[in-house]
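The values are calculated or read from the model by the stated rules, or taken from the named source; none is laboratory data. Note that the coordinates shown come from a computational prediction; the quantities given were computed from them, not determined experimentally. Positions of Cβ are generated from backbone atoms using ideal geometry, with glycine treated the same way; all protein chains shown enter the neighbour counts. What goes into the accessible areas is simple: the full protein's heavy atoms, side chains included, and nothing from ligands, DNA or RNA. Shrake-Rupley method; radii C 1.70, N 1.55, O 1.52, S 1.80 Å.
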Amino acid sequence: MKAQRALRGLLSVAMVASAGGLLVSAAEPVAVRLLARYWPVPPDVWTGRSTWTPPEKAALDKRRLSDLGVAFSGGGTRSAAATVGQLRGLLANGWLKHVRYLTAVSGGSWTAVPFTYAQTDAALLLGKPLPPEELTLAEVEPLAKEPAMARSIAQSGLFAQGAREAVKIVTRAELAKRKVPPEIESVLNRFIGGQTSETYANLLSRFFISPYIRGGSTLKYTWDKDSLDDIKAVDPSLSVGEFVRAADDRPFLIVGGTMIYQHPAYDYPRLIPVEYTPLYTGVRQQFGDRLGGIYVSPFAYDAAGAEVGDGQTVRVTAKARQRPFTLADVVASSGAAPLLALYRGVPATVLKRATVVFPTFNHFTVRMSPEGAKSQPVVERLLHGDGGFSDNLGVMPLLARQVHNILVFVNGQEPFTENKSIESMFWPLAKYEDVGGDRSMNDVFEPAQYWELKEGLEKAVASGGPAVYCGENWKVRANEIYNVAPYDNLNICWVHNELIPAWVGQLPEETKKLLETKPFKHFPWFATFEENKPYVIRLSSAQVNLLAHLSAWSVTSDKGRQTIERAMGQVLQD
């Protein structure tokens, strides 16, 4: 399986680390304790017996943004490239300014996170859409002609960078053996980074975070000036310089991840959906007494310890000598697709080594008794994996907030007739099908609507347009695991990554011939891993550019744009 082969390269880094051991200091520094907000979520919201108001609602209402959410699915660099094009199309249509929520999973987050936080004009980040007849080889092949975010995708690989991380891990192991004094160790860590569980985050940050967000892989993060002022009001010891903020003109971001909880009662680990936002991070639903049920300020996530404070605050102990929870950690968790391949036919000793490479964070919760008493949090150290292990479409956070107009970009690796992530929204799938995660509890729509969607997408493509279909006035069913309450009158447009004959037919002859070459054998369904060996995730300049332009055309072409406008109506015009 490609995911498992790709994983072997990353685990070779872990092997080096496990041979030397993790960094242990000769002297423990004084613990830093910080006060942060937390927001409890009633476990029975999904039943309708309790209500929940998103912490960001009042601020978003003040900005008068439309009741519109956009979701970008998982899919590695394939989805990252398609997401660039889709954002490009939304911007060109004048729709992006109306979007209230932007959700992303896995590879979609590799574009969505830097787009949200980069203090750069959106058009410079994304580039502009071009009609297919203008996509000459001179336009799509040169790396220098790509806009910034597309260029990062074409340069990503994880191959050489993985070797650099291996060197760092060896250095850390040697420091541990020699018991270097703390003051010297502190200086060295500026060059070699923190603990080895940050390895995967460091790999991805080089391409998707560091070029766009100053401090994105080292500093805490928050939403806007008001949220930063609130953080400082709760704990005055925190300063402005410790945080990066989202760009003011971008939608509110929600990134999907998954906590991996191993328990003797399960053949496979329990996969628990996590949400990362600029304002809070956490798990919506309660899982037993120790996991989930609250959101906390992002800088408080991954704390070494936690104690309940006054009001809805918690005092956390920061982990010694490690960087805070960062945007690099967000994209690493959401995009850790190779991780789940470990859980089939891999020895327990290798499983343990995964914590050396992949995101492993401390999770805690706060429980309320019927009398209103608060229990002290219990900290659990858990692997955090790909958001696609549970909801690979990124739709659930929008349904949890009862968004009534949703645009879903499904950047899959197969035709829509074979896409299991879509199917899982209409009926339960078998657990861990093809090591894809647990999609057995994702059904939120009526099964009959799947056939409506399938027929609608087929007709759209047959008519010469993109694979776009909009369902109107759908009913959302209650969902316990995501704590989604039922509601009516959902307008939802599905845009699928599909090879469109009408688009291909308009390309210049030289570009049509390019699509017939071996590198484009799988276009636009490039493999999530090893499409271009030996690189784990890299796509070529031409692969990225053509996929991004096809994705942009899906929403800027007359048929695609008009289909969405008919369903969404006024929300795209306010």
Of the residues in segment 324-349, how many are at pLDDT 90 or above and either among the polar types (S, T, N, Q) or closer than 25 Å to residue 41 by Cβ (or both)?
10
Can you find a residue that is surrounded by fewer than 24 Cβ atoms within 10 Å (Cβ to Cβ), in contact (Cβ under 8 Å) with a residue 12 or more places away in the chain and within 20 Å of residue 208 (Cα to Cα) anywhere in segment 292-305?
no
Please indicate, with yes or no, whether at least one residue in segment 482-489 is touching a His at 6+ places or on another chain (Cβ under 9 Å), open to solvent by less than 10 Å² (accessible area, probe 1.4 Å) and in a strand (DSSP E or B).
no
Applying the selection to segment 123-148, what residues are open to solvent by 10 Å² or more (accessible area, probe 1.4 Å) and part of a helix (DSSP H, G or I)?
123, 124, 133, 134, 137, 138, 139, 143, 144, 145, 148
Count, please, the residues in segment 426-435 that happen to be exposed (fewer than 15 other Cβ atoms within 10 Å of the Cβ) and at pLDDT 90 or above.
2
Would you confirm, using the coordinates I've provided, whether residue 392 is buried (at least 24 other Cβ atoms within 10 Å of the Cβ), within 17 Å of the chain's Cα centre (by Cα) and over 23 Å from residue 283 (Cα atoms)?
no
Is it the case that residue 261 is modelled with pLDDT under 95, under 22 Å from the mean Cα position of the chain (by Cα) and open to solvent by 10 Å² or more (accessible area, probe 1.4 Å)?
yes
Filtered residues of segment 395-454 (kept if free of Cβ contacts under 8 Å to residues at least 12 places away in the same chain and assigned to a loop (DSSP other than H, G, I, E, B)):
430
Identity of the residue in segment 534-563, β-branched (Val, Ile, Thr) and in a loop (DSSP other than H, G, I, E, B), that ends up surrounded by the most Cβ atoms within 10 Å (Cβ to Cβ):
537
Can you tell me which residue is nearest to the chain's Cα centre (by Cα) among those in segment 350-379 that are in a strand (DSSP E or B) and modelled with pLDDT of 90 or more?
361
List every residue pair whose Cβ atoms lie under 8 Å apart, where the two residues are 6 or more positions apart in sequence or sit on different chains, the first residue falls within segment 491-519 and is more than 20 Å from residue 412 (Cα to Cα) and assigned to a loop (DSSP other than H, G, I, E, B), and the second residue, located anywhere, is of a type in the set (Ser, Thr, Tyr) and open to solvent by 30 Å² or more (accessible area, probe 1.4 Å).
508/136
Counted residues, segment 413-425 - those being touching a Gly at 6+ places or on another chain (Cβ under 9 Å) and open to solvent by less than 10 Å² (accessible area, probe 1.4 Å)
2
Taking segment 106-118, which residues are at pLDDT 95 or above and of a type in the set (S, T, N, Q)?
109, 111, 116
Restricting to segment 78-115, and then to whatever is in contact with a strand residue (DSSP E or B) (Cβ under 7 Å, 6 or more places away or on another chain) and part of a loop (DSSP other than H, G, I, E, B), can you tell me which residue is surrounded by the most Cβ atoms within 10 Å (Cβ to Cβ)?
106
